[in-house]
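Some notes on the structure that comes next.
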């Protein structure tokens, strides 16, 4: 079995993670490279140079990790704190944003395997009270699968939660740094936003609201908070020791500052490492490390967290719009990218 994994994190902007699907030999058996071949495949000088160039181009600090077979490389370049000069290291914890969606999808599929959730059942079977009045018919037409692959066409709640963004202003981001917003309120904001199409229509439309509803379904069928379930049945099962569902605005453990420029609207970039991420909930609130994420995706894509049938469902993709004229092939909480000469990569960013 040949698994290539590439993880990178840009301090203060985004974290990218894509994990390649295993590639098999012509006879269908797993092909395993020799250790020497794996070492030859990793040009450490080039990897370090690329990371340094990323920092020199203007990023305050960055860290990345590459794995090929049994061999691996990690590096860091730049600063974790521009005021103190503290350097960034590759083992730091960070907010992983929408990579949280893969964890939520795994939790839902575990419940599918237990027979408590059906992917093609309407969401109102589980959370009818989320779709009151005129929204009930809409909820009846949306299935759990549509939530996970973003074909529900529920509007996104983000502009409702941070209204100044509609005016090209980040004022509400600062105003709500310590605000706690409940998941049901996020769903209400999503339902109030314009629908992006009819339930099930393709291409889908990426919306955080989908994964908040999924989190509430998870809580309903398990009788546990999403944080408790994810910790016990996903983090612990995968052997993750530095992944968490934050209960406070603070990142626990060694971490960098999180400098945000918001596409140039904030100049110079400001630190948002202390922030109440309740607005992200099961769509984007988790913190983790590169090593934990590598371990998580390796476990997931080799059938250690969900069964083969569930993994096959996860990899059934549909086109999903992520911006004007831009679509990705999205499955259930993961999507795929093909890189010439490198192969097909599964993951999330």
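What follows is calculated from the coordinates using simple rules that are stated; it is not laboratory data. Please read these numbers as outputs of a predicted model, since none were measured by experiment. In this analysis, Cβ positions are derived from the backbone assuming ideal geometry, glycine residues included, and neighbour counts consider all displayed protein chains.
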> Label 7 Å along Cα→Cβ of residue 114; the range 280-305 residues with amide nitrogen under 17 Å?
Replying inline: 305
> Label-point separation (nm) for residue 338 and residue 220, each offset 7 Å from Cα along Cα-to-Cβ?
Replying inline: 3.9 nm
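Does the range 203-282 come out rounded, prolate or oblate, given a ≥ b ≥ c as the square roots of the eigenvalues of its C-alpha gyration tensor, rounded meaning a/c under 1.5 and, failing that, prolate meaning a/b above b/c? If you can, show how the numbers build up before the last one.
Working: a/c = 2.51, a/b = 1.42, b/c = 1.77.
Cα axes put the range 203-282 in the oblate bin.
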> What residue among 243, 84, 289 shows peak mean-square fluctuation when the chain is described by a Gaussian network model with Cα springs under 10 Å?
Replying inline: 84
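How high is the relative contact order of the range 307-349, in percent, counting Cα pairs under 8 Å that sit 6 or more residues apart? Write out the running numbers ahead of the final one.
Numbers: 56 pairs, mean separation 11.7, N = 43.
Across the range 307-349, relative contact order equals 27 percent.
Using a Förster distance of 35 Å, how high is the FRET efficiency between residue 174 and residue 304, based on the Cβ-Cβ distance and rounded to 0.05?
On the way: r = 42 Å, r/R0 = 1.19.
After rounding to 0.05, the efficiency reads 0.25.
Can you tell me the order of 103-109, 163-169, 316-322 when each peptide is scored by its average per-residue count of other Cβ atoms within 10 angstrom, highest first? The partial results should precede the final answer.
On the way: 103-109: 26.1, 163-169: 12.6, 316-322: 16.7.
Sorting 103-109, 163-169, 316-322 by mean packing, highest first, produces 103-109, 316-322, 163-169.
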> Between residue 136 and residue 72, what is the label-to-label distance in nm when each label sits 7 Å out along the Cα-to-Cβ direction?
Replying inline: 5.2 nm
> When DSSP assigns beta bridges and you keep just the ones with both residues in the chain, what percent turn out antiparallel, to the nearest 5?
Replying inline: 95 percent
>> With just the Cα atoms defining each centre, how far is the range 171-206 from the range 273-349? Give it in Å.
In response: 20 Å
> When the gyration tensor of the chain is built from Cα positions, what are the square roots of 5 times its three eigenvalues, in whole Å, from largest to smallest?
Replying inline: 32, 27, 18
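Remind me, relative contact order of the range 243-349 in percent, using alpha carbon pairs under 8 angstrom and six or more residues apart? It would help to have the intermediate numbers written out before the result.
Details: 115 pairs, mean separation 17.1, N = 107.
That works out to 16 percent.
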> GNM on the chain, C-alpha springs below 10 Å: top fluctuator among 291, 267, 329?
Replying inline: 267
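What does the extension gain come out to for residue 274 and residue 228, with contour length at 0.36 nm per residue minus their alpha carbon separation? Walk me through the numbers before you get to the answer.
Values: separation 46, 0.36 × 46 = 16.56 nm, distance 2.22 nm.
Full extension from residue 274 to residue 228 adds 14.3 nm.
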> Highest mean first, what order results for 251-258, 185-192 on Cβ atoms within 10 Å?
Replying inline: 185-192, 251-258
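Which length gain, in nm to one decimal place, applies between residue 315 and residue 185 when the Cα-Cα distance is subtracted from 0.36 nm times their residue separation? Write out the running numbers ahead of the final one.
Working: separation 130, 0.36 × 130 = 46.80 nm, distance 3.08 nm.
That works out to 43.7 nm of additional length.
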>> Per-residue counts of other Cβ atoms within 10 Å, averaged by peptide: what ranking do you get for 307-315, 272-280, 171-179, highest first?
In response: 272-280, 307-315, 171-179
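Cut-off is 10 Å between beta-carbons; in what order do 148, 119, 265, 130 appear when sorted fewest neighbours first?
Fewest-to-most ranking of 148, 119, 265, 130: 265, 119, 130, 148.
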> Could you put 282, 209 in order, starting from the residue whose Cβ has the fewest other Cβ atoms within 10 Å?
Replying inline: 209, 282
> Counting alpha carbon pairs within less than 8 Å and at least 6 residues apart, what relative contact order, in whole percent, applies to the range 97-348?
Replying inline: 25 percent
> Taking other Cβ within 10 Å of each residue's Cβ, how do 326, 213 sort, fewest first?
Replying inline: 326, 213
> If the label point is 7 Å along Cα→Cβ of residue 252, which residues in the range 41-84 have backbone nitrogen under 12 Å from it?
Replying inline: none
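From the Cα trace of the range 68-141, what convex hull volume per residue do you get, rounded to a whole Å³? Could you put the intermediate results ahead of the total?
Numbers: hull volume 14.7 nm³, N = 74.
Hull volume normalised by residue count: 199 Å³.
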